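Presented below is the structure to which this report refers.
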Amino acid sequence: MEPILNRGRQVSYIAIAAVVTLPGVLIRLTGSHPPEILGAALFGLAIVGAAFMLSWAAEVVQLDISAGLAIALLALIAVLPEYAVDFVFTFKAGAEYTDLGGIGPFHWAPLALANMTGGNQLLIGVGWPLVVLVGTWKIRQFFGADGKAKDGSTRAGIALEPTQAVDIAYLTLAAVYGLTLPFRNSLTLIDAAVLVAIYVAYLIRLSKAPAEEPHLVGPSALIAGLQQRQRRLVNVAMFIFAAGVILLSAEPFAEALVHVGEEFGISTFLLVKWLAPIASESPELLVAGLFAWRLAPSVGLGALVSSKVNQWTLLVGTLPIVFAISSGTLHGLPLDVLQRDELLVTAAQTVFAVAIMANLHMSRGEAWVMLTLFVAQFASSGILPETYAAPGRLAVGIVFLIAAGWVLRRGHLRGLKHLIVSGLTDSYDEMASRD
């Protein structure tokens, strides 16, 4: 566990996270109606603050429960803010589908996909490169040009632990299935069954991992240093408070984003695609970046890889279920051309990420390529007129797939095959012995 260098500072971080949630909570509880842009900002801040508190509490809970249950809870808790916002849009989409008798065009269904695809693209396109670039820079600064961190990472790139072959193996299964989604007219309950099954199998596999002392930094390390009874009380209180804030803030935040777009003539799809995931993903990305800054980049990158498995299986898979419950039908969540394009880009980006990580390593060069392609896809969706944006999205998706093919052809294909077999079948002791 990392030493607590400044307890007062860590307490202040927790206090700030709690304080920024209060305006949004008070607005919701009092029924006030501030200007839409102010409401979006305050509810967004409430979600960000709650997400930080959840991330700290989720890290500490590993000290008090079994390894398997800790893995399951961490996987769910880390993305609870994004799930909440996505479920709001999806539930509204189901009600709208019923009201319109299943005949579009639909308003809410595209926004559910916008938040999901934006979050996935942001996680890989910004989060993974962030950890690699910060980590390699700090390694060179601290150890010199030829130095190496304790986890085996160097200034040239970041290495994952051999046991994270499990994460890449299951992400590969989800990535291959994800390539079929852009060719559908809807996300169906069959898709839900397949993706949720992959996630459940992933959790079962993870539950067999040996218990390890968690890597805790910042406020989570401060909480972990409390006596057991105090630690558990603080953790439970943070969980309840943060979950309550998210439940109160998710719907008004989602609605405020839509109204802001309508009021200022900004695409609501783009607002939901980028602003909502930034609010929900920022704590996770900052924590991963902090690990890289503290010379434990493999921990940060590993956490983001695990989160990607969660988002591309459980999050995508539960959307059709929520839609079915809301609409009272067995029809899938409708997809139009824009959503299919976004799914193509997201699926192609995931395949490229798997190809890169087939050797459980990401180099600085690969990180720059990933970040550059993300900037290109961001530009195609946010800057170009729609006449050119659609071909731009398609082009970026094709480039991702071509790049993935080139990486695999260069020598990663054999490594990926071996990694998949190892991640699905080998014991953790066998994988760890390859370190």
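The values are calculated or read from the model by the stated rules, or taken from the named source; none is laboratory data. Fair warning: this is a prediction, and the values are worked out from it, not measured in the lab. Note that each Cβ is placed from the backbone with ideal geometry, even for glycine, and that neighbours are counted across all protein chains shown. For accessibility, only protein heavy atoms count, side chains too; no ligands or nucleic acids. Shrake-Rupley method; radii C 1.70, N 1.55, O 1.52, S 1.80 Å.
Numbers for the structure displayed
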| read-out | value |
| --- | --- |
| The range 132-165, residues that are among the small types (Gly, Ala, Ser) and open to solvent by 50 Å² or more (accessible area, probe 1.4 Å) | Ala156 |
| Test: Leu371 is assigned to a helix (DSSP H, G or I), touching a Pro at 6+ places or on another chain (Cβ under 6 Å), touching a residue at least 24 places away in the same chain (Cβ under 8 Å) and open to solvent by less than 70 Å² (accessible area, probe 1.4 Å) | yes |
| Subset tally (residues that are on the phi > 0 side of the Ramachandran plot and assigned to a helix (DSSP H, G or I)) for the range 319-336 | 0 |
| Residue check, Ser298 polar (S, T, N, Q) and closer than 20 Å to Met357 by Cβ | yes |
| Test: residue in the range 361-368 that is out of contact with any Leu (no Cβ under 6 Å at 6 or more places or on another chain), outside any helix (DSSP H, G or I), touching a residue at least 40 places away in the same chain (Cβ under 8 Å) and among the hydrophobic types (A, V, I, L, M, F, W, C) | yes |
| Some residue of the range 201-208 being open to solvent by 30 Å² or more (accessible area, probe 1.4 Å), in a helix (DSSP H, G or I) and at pLDDT below 90 | yes |
| Residue ranges of helices (runs of 4 or more DSSP H) in the range 20-95 with at least 2 members modelled with pLDDT under 85 and surrounded by 18 or more Cβ atoms within 10 Å (Cβ to Cβ) | 36-60, 67-77 |
| Test result for Thr313, closer than 20 Å to Glu342 by Cα, at pLDDT 90 or above, open to solvent by less than 10 Å² (accessible area, probe 1.4 Å) and among the hydroxyl-bearing types (Ser, Thr, Tyr) | yes |
| Residue in the range 177-184 that is at pLDDT below 90 and hydroxyl-bearing (Ser, Thr, Tyr) present | no |
| Where a residue in the range 35-46 is among the β-branched types (Val, Ile, Thr) and its partner, wherever it lies, is open to solvent by 10 Å² or more (accessible area, probe 1.4 Å) and at pLDDT below 90, with Cβ under 7 Å and at least six apart | Ile37/Val260 |
| Residue pairs meeting the criteria (Cβ under 7 Å; at least 6 apart or on separate chains; first at negative phi, in the range 169-193; second of a type in the set (A, V, I, L, M, F, W, C) and assigned to a strand (DSSP E or B)) | Leu181/Leu187; Ser186/Leu333; Leu187/Leu333 |
| Residue list for the range 185-199, restricted to those being surrounded by 14 or more Cβ atoms within 10 Å (Cβ to Cβ) and either part of a helix (DSSP H, G or I) or charged (D, E, K, R) (or both) | Leu189, Asp191, Ala192, Val194, Leu195, Val196, Ile198, Tyr199 |
| Every pair of residues 6+ apart whose Cβ atoms lie under 6 Å, when the first sits in the range 391-411 and is of a type outside the set (S, T, N, Q) and at pLDDT below 90 while the second is part of a helix (DSSP H, G or I) and open to solvent by 20 Å² or more (accessible area, probe 1.4 Å) | Arg393/Asp341; Val396/Ala376 |
| The range 123-143 residues that are closer than 26 Å to Lys273 by Cα, paired with ones that are open to solvent by less than 10 Å² (accessible area, probe 1.4 Å) and among the charged types (D, E, K, R) (beta carbon under 6 Å, 6 or more apart) | Leu123/Lys308 |
| Identity of the residue in the range 289-306, open to solvent by less than 10 Å² (accessible area, probe 1.4 Å) and closer than 12 Å to Asp167 by Cα, that ends up modelled with the lowest pLDDT | Gly302 |
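Let's see how each residue does on (1) in contact with a strand residue (DSSP E or B) (Cβ under 7 Å, 6 or more places away or on another chain); (2) modelled with pLDDT of 90 or more; (3) more than 24 Å from Val369 (Cα to Cα):
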{"site": "Gly144", "(1), (2), (3)": "no, no, yes"}
{"site": "Glu161", "(1), (2), (3)": "no, no, no"}
{"site": "Tyr170", "(1), (2), (3)": "no, yes, no"}
{"site": "Ala174", "(1), (2), (3)": "no, yes, no"}
